[in-house]
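Written below as structure tokens is the structure these notes are about.
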Amino acid sequence: NKRIVSGIQPTGNLHLGNYLGAIRNWVVMQNEMKDGDSCVFFLADLHAITMPQAPDELAENIRNMAATLLASGVNPERAVFFAQSDVAAHSEMAWLLNCVARIGWLNRMTQFKEKSGKNREGASVGLYTYPVLQAADVMLYQATHVPVGEDQKQHLELARDIATKFNNDYDDKIFTLPEPIIQKTAARVMSLRNGSSKMSKSDPSDLSRINLTDSNDDIAQKIRKAKTDPDPIPENEEGLADRPEAKNLLGIYSALKGEALGDVLQQFAGQGFGQFKPALADLVVESIAPIRDKLSSFKNDPAEIDRILSQGAEKAAVIAEKTLDKAYRSMGLRRRS
Ligand code: TYM
């Protein structure tokens, strides 16, 4: 049976990269589950505090992200849906795993290097050990499948290493090894301003990303202003080599339309971006507008969101506590029971 587990940080708005790289896939997997399969989706708020957050803003972002995921199709009747900090087992398991993971493994994590930047000595310890918390997130639920974007692949490999070492060290087949599920198209949606950096919540320029809350006019304007090159659209994928901005826009079109990139290229070959961009803008609007409209109704009902998250946390804790208990005991720690 499949146990599908994934999370997202409640920082800023959900953007097209998160949506195409991960969330859309969560919803498809949730809706296509077979009997005996299950889904666990959460807001990674404990991950969010590895970087400075204004408390009021974080509190609001948690509710907003919950509303956005619900509007995107996460269904609390079908998936266990909650906020990470509501389930204490995540923090507890992270500590146990901190004692299993090796410093050398964490030193290889590229995201830490990017996020800590030049001021590594001034980064929080939490930012450094963040991938261990992420391993705890999936291991607590014995995840088999973890739908994520390309940038999370290394963290998932680390989770597999930690699970393997735990199983070996404590002579117990306690943990399932999680498998990342990374889609072929839109696994890495790039910034609209710079084809070599990924679309990101933390990019200071709002023109670099399309948020799921953007108005139709904003979307059209951002796509019109998106960086491209003067060459026409090529006939095949080889023609996109060394054209990262062109490749990104065509990739977004292909992912949203559900058509292979090769077919999209055939359709637009020879046209300039002046012609292609309005078609792309229409498609993005068509895909996002229904989510944005649902979102406003959820946002009007914060009490309902709190109720959904609390109920989800109760369900999650039942699963997580079982695994945590096994992990404590296998390490020789006492458990009250
Ligand atoms: P986060 O919040 O940065 O992103 C959420 C999901 O969106 C994907 N993503 C992208 N995909 C394609 N193109 C992009 N430009 C893009 N930007 C983001 C991410 O790969 C991710 O799947 N550490 C995680 C959250 C997390 C988690 C977990 C995920 C915490 N615990 C356990 C899976 C399992 C993060 O910061 O994702």
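The values are calculated or read from the model by the stated rules, or taken from the named source; none is laboratory data. Everything numeric in this text was worked out from a predicted model, so none of it was measured. Heads up, the Cβs are rebuilt from the backbone with ideal geometry, glycines too, and the neighbour counts pull from every protein chain shown.
Listed values, structure above:
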quantity	calculated
Hey, residue 91 farther than 22 Å from residue 201 by Cβ, within 16 Å of the ligand (Cβ to nearest atom), not β-branched (Val, Ile, Thr) and not in a loop (DSSP other than H, G, I, E, B) or not	yes
Evaluation of residue 279 against (1) buried (at least 19 other Cβ atoms within 10 Å of the Cβ); (2) more than 24 Å from residue 84 (Cα to Cα) (one fails), failing number	(1)
Test for residue 171: is it of a type in the set (Asp, Glu), modelled with pLDDT under 95 and farther than 20 Å from residue 18 by Cα	yes
Residue count for region 1-29, restricted to those that are within 12 Å of residue 68 (Cβ to Cβ), of a type in the set (A, V, I, L, M) and in contact (Cβ under 8 Å) with a residue 60 or more places away in the chain	2
Residue check, residue 127 within 8 Å of the ligand (Cβ to nearest atom) and either surrounded by fewer than 24 Cβ atoms within 10 Å (Cβ to Cβ) or in a helix (DSSP H, G or I) (or both)	no
Every pair of residues 6+ apart whose Cβ atoms lie under 9 Å, when the first sits in region 180-192 and is part of a strand (DSSP E or B) while the second is within 8 Å of the ligand (Cβ to nearest atom) and of a type in the set (D, E, K, R)	190/198
Matching residues, region 41-87, being surrounded by fewer than 17 Cβ atoms within 10 Å (Cβ to Cβ) and free of Cβ contacts under 8 Å to residues at least 40 places away in the same chain	52, 54, 55, 56, 57, 59, 60, 77
Region 41-65 - residue that is under 13 Å from the mean Cα position of the chain (by Cα) and of a type in the set (A, V, I, L, M) and, of those, farthest from residue 302 (Cα to Cα)	48
Tally, over region 204-255, of residues that are among the polar types (S, T, N, Q), surrounded by 14 or more Cβ atoms within 10 Å (Cβ to Cβ) and out of contact with any helix residue (DSSP H, G or I) (no Cβ under 7 Å at 6 or more places or on another chain)	4
Matching entry among 161, 151, 172 (being in contact (Cβ under 8 Å) with a residue 24 or more places away in the chain and within 13 Å of the ligand (Cβ to nearest atom))	151
